[in-house]
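Undergrad: First, the structure itself, so that you have it in front of you.
The values are calculated or read from the model by the stated rules, or taken from the named source; none is laboratory data. This is a predicted model, so every value here is computed, not measured. Neighbour counts are summed over all protein chains in view; Cβ atoms, including those assigned to glycine, are modelled from backbone coordinates with ideal geometry.
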């Protein structure tokens, strides 16, 4: 009888330990998923810097020179796309398993990329490339906001809202001030959250 009781107690303890171990494994997987996604600071910093350069260059060329089509500086985003894709491919090749959250995160940004390319084509055909700023901001706000929701990172959520607000300001402010909404939006929506993510990544690596 005592042997049976001892066996039942040991079996129950094993079940408890097994449940605790399962919870630990699940928790580790969730934390690892968040960490993998949060290592996407490169894209925020890269695109934030590139768009700030393009937008300020266009603004200065338009106001200080006689260049007819200053929007041509935005063609720098074409090699930027390849740099971003190559970086993503190299990083992705080192990761063999993707969680559902990571897949959503990746496809949200790829969807933004495809939509932005189509928008550039449409505006080019309509000869409206000079108003690309508010449109690109309107598009960029959505994946920024969703990324913040997915990884539960409030600076990105607020960054998405700031980009939406600045897209409206850029549209209605006029050609003299409106274009400056783009670099400001990139600073508040991409660069500041990107540096915060980079800092968090560095702190986790040093722990």
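Undergrad: For the subset of the range 84-96 comprising residues that are more than 15 Å from residue 109 (Cα to Cα) and in a helix (DSSP H, G or I), which member is modelled with the lowest pLDDT?
TA: 93
Undergrad: Now, a different point. Got a number for residues in the range 149-169 being at pLDDT below 90 and either within 12 Å of residue 193 (Cα to Cα) or assigned to a helix (DSSP H, G or I) (or both)?
TA: The total comes to 4.
Undergrad: In this structure, is residue 166 crowded, with 17+ Cβ neighbours inside 10 Å and more than 21 Å from residue 107 (Cα to Cα)?
TA: yes
Undergrad: Same structure, new question: Going by the structure shown, is residue 113 at pLDDT below 85, under 13 Å from the mean Cα position of the chain (by Cα), closer than 30 Å to residue 69 by Cα and surrounded by fewer than 17 Cβ atoms within 10 Å (Cβ to Cβ)?
TA: So residue 113 passes the test.
Undergrad: If residue 143 satisfies every condition in (1) in a helix (DSSP H, G or I); (2) under 24 Å from residue 199 (Cβ atoms); (3) at pLDDT below 85 but one, which is the exception?
TA: For residue 143, the failing item is (3).
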